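A.B. asks: Starting off with a structure, shown below.
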Amino acid sequence: MSALAHIIETHGVATVVISLIRLHTEKIRPPRALWVPFQLGRPLGSPGEPAFQTRVLRRALALLERRDGPVILEDFAEDEPRSADDPAWSPPFAATAGAVDGRRLHRELDQVLPAYRQAVAARARSTVGLAGVPLPEAVAFIGWLLSGSLPVSPSPALTAAQALRFIADDLKAAWTEAASLTGKPSSRQLADWLWERTVLGRALLRIRELALQSEDSSFKAAGGSLLVPGARVALLEAVNPP
């Protein structure tokens, strides 16, 4: 979005970027940007918090009134309202321990689906659907990837690398939407649970490792940098230095 801001500004339209990765914004230097310390995918913060989201938008739009450019990068100091852990929260299904393979991932999907469907019914919406692939087919695709190769895309509209990125996003969304059904967990609680206690999280971490070692450039780009949030990679590297 920072690069697009430069292009849009050349046509005389003022822009403001809401940045989730400050380092990227520092390097690309859009004319105006507000960095927010929220989870990736949540540029306005936690869902269901309209007053807080309005504050974020007002703070971003206020940058249009500034005259001290040409480059303005401001930080939003508040964290998400639901950043505090919910001590009473527990996911509505048990995480599966053991080896990471397609069979175990399918079994975990069987646990996820009832809670996910309840969550969709309760909220009347879902963020799942980027890939346009049913969840069982998406899980099968991830199972094939665990072998280290990039299979044929299950969607004619996507390349295999694009399918990998969108399928991973869909599965992460389905798992976290299902896990949010039983309370109000913080984004940190959800992230720790997903990456440390589920087959899906461990499978995506394994695929990232395989992608980084792959000679297939599309697999390497999509799997190596787009599956696992940068904050999680940094945490893993701090615990297990490369």
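A.B. asks: Filter the stretch 78-97 down to the residues that are modelled with pLDDT under 70 and among the hydroxyl-bearing types (Ser, Thr, Tyr), then identify the one that is surrounded by the fewest Cβ atoms within 10 Å (Cβ to Cβ).
C.D. replies: Among those that are modelled with pLDDT under 70 and among the hydroxyl-bearing types (Ser, Thr, Tyr), it is SER83.
A.B. asks: Restricting attention to the stretch 101-122, and to residues there that are buried (at least 18 other Cβ atoms within 10 Å of the Cβ) and in contact (Cβ under 8 Å) with a residue 60 or more places away in the chain, which single residue is nearest to PHE141 (Cα to Cα)? Can you show your working first?
C.D. replies: Of the stretch 101-122, the ones buried (at least 18 other Cβ atoms within 10 Å of the Cβ) are 102, 104-105, 108-109, 111-112, 115-116, 119.
Now drop any that are not in contact (Cβ under 8 Å) with a residue 60 or more places away in the chain, which leaves 104-105, 108, 112, 115-116, 119.
On the way: ARG104: 14, LEU105: 11, GLU108: 15, VAL112: 17, ALA115: 22, TYR116: 20, ALA119: 24 Å.
The extreme case among them is LEU105.
A.B. asks: Report those helices (runs of 4 or more DSSP H) wholly inside the stretch 12-128 carrying at least 1 residues which are in contact with an Asp or Glu (Cβ under 8 Å, 6 or more places away or on another chain) and more than 26 Å from ALA234 (Cβ to Cβ).
C.D. replies: Numbers: elements: 22-28, 50-62, 102-123.
Of the helices (runs of 4 or more DSSP H) lying wholly inside the stretch 12-128, those with at least 1 residues that are in contact with an Asp or Glu (Cβ under 8 Å, 6 or more places away or on another chain) and more than 26 Å from ALA234 (Cβ to Cβ) span 50-62, 102-123.
A.B. asks: Let me spell it out: the conditions are (1) surrounded by fewer than 20 Cβ atoms within 10 Å (Cβ to Cβ); (2) over 23 Å from SER218 (Cα atoms); (3) aliphatic (A, V, I, L, M), and LEU130 meets all of them except one. Which number is the exception?
C.D. replies: (2)
A.B. asks: Give the residues of the stretch 156-188 that are crowded, with 18+ Cβ neighbours inside 10 Å, modelled with pLDDT of 90 or more and in a loop (DSSP other than H, G, I, E, B), sorted by residue number. Show your work before the answer.
C.D. replies: Start the filter on the stretch 156-188 by keeping residues that are crowded, with 18+ Cβ neighbours inside 10 Å, which leaves 158, 160-161, 163-172, 174-181, 185-187.
Next, from what is left, pick out any that are modelled with pLDDT of 90 or more: 158, 160-161, 163-172, 174-179.
Within the stretch 156-188, LEU158 is the sole residue that qualifies.
A.B. asks: Determine whether the stretch 43-58 contains at least one residue that is polar (S, T, N, Q), in contact with a Lys or Arg (Cβ under 6 Å, 6 or more places away or on another chain), outside the structural domain of ILE207 (by TED's automatic domain parsing) and closer than 30 Å to VAL13 by Cα. Steps first, please.
C.D. replies: Here is the first cut: in the stretch 43-58, the residues polar (S, T, N, Q) are 46, 53-54.
Checking which are in contact with a Lys or Arg (Cβ under 6 Å, 6 or more places away or on another chain) leaves us with 46.
Now restrict to residues that are outside the structural domain of ILE207 (by TED's automatic domain parsing): 46.
Imposing the further condition that a residue be closer than 30 Å to VAL13 by Cα reduces the set to 46.
The answer is yes, given that some residue of the stretch 43-58 is polar (S, T, N, Q), in contact with a Lys or Arg (Cβ under 6 Å, 6 or more places away or on another chain), outside the structural domain of ILE207 (by TED's automatic domain parsing) and closer than 30 Å to VAL13 by Cα.
A.B. asks: Answer yes or no as to whether SER153 is surrounded by fewer than 20 Cβ atoms within 10 Å (Cβ to Cβ), assigned by TED's automatic domain parsing to the domain that holds PRO114 and closer than 16 Å to HIS106 by Cβ.
C.D. replies: Working: surrounded by fewer than 20 Cβ atoms within 10 Å (Cβ to Cβ): yes; assigned by TED's automatic domain parsing to the domain that holds PRO114: yes; closer than 16 Å to HIS106 by Cβ: no.
No: the conditions fail for SER153.
A.B. asks: Kindly indicate whether ALA234 is surrounded by fewer than 20 Cβ atoms within 10 Å (Cβ to Cβ), over 18 Å from VAL100 (Cβ atoms) and aliphatic (A, V, I, L, M). Spell out the reasoning first.
C.D. replies: Working: surrounded by fewer than 20 Cβ atoms within 10 Å (Cβ to Cβ): yes; over 18 Å from VAL100 (Cβ atoms): yes; aliphatic (A, V, I, L, M): yes.
Spelling it out, ALA234 is indeed surrounded by fewer than 20 Cβ atoms within 10 Å (Cβ to Cβ), over 18 Å from VAL100 (Cβ atoms) and aliphatic (A, V, I, L, M).
A.B. asks: Now for a separate question. Let me confirm something: among GLU26, GLU9, which residue is charged (D, E, K, R), under 22 Å from VAL228 (Cα atoms) and not assigned by TED's automatic domain parsing to the domain that holds LYS184?
C.D. replies: Working: GLU9 fails: under 22 Å from VAL228 (Cα atoms).
None of the other options fit; the residue is GLU26.
A.B. asks: A follow-up question, please. Those residues that are part of a helix (DSSP H, G or I), small (Gly, Ala, Ser) and surrounded by 14 or more Cβ atoms within 10 Å (Cβ to Cβ), I need them from the stretch 214-230; list them, please.
C.D. replies: First, pick out the residues of the stretch 214-230 that are part of a helix (DSSP H, G or I): 217-225, 230.
Imposing the further condition that a residue be small (Gly, Ala, Ser) reduces the set to 217-218, 221-225, 230.
Selection gives SER218, ALA221, ALA222, GLY223, GLY224, SER225.
A.B. asks: Now, a different point. Suppose we keep only residues that are farther than 27 Å from THR176 by Cα and of a type in the set (Ser, Thr, Tyr) within the stretch 7-43. Which one would you say is modelled with the highest pLDDT? Can you show your working first?
C.D. replies: Residues of the stretch 7-43 farther than 27 Å from THR176 by Cα: 7-16, 25-33.
Remaining after also requiring of a type in the set (Ser, Thr, Tyr): 10, 15, 25.
Details: THR10: 89, THR15: 94, THR25: 88.
Selected residue: THR15.
The values are calculated or read from the model by the stated rules, or taken from the named source; none is laboratory data. These figures come from a predicted structure and were not determined experimentally. Every residue, glycine among them, receives a Cβ derived from its backbone with ideal geometry; neighbour counts consider all protein chains shown.
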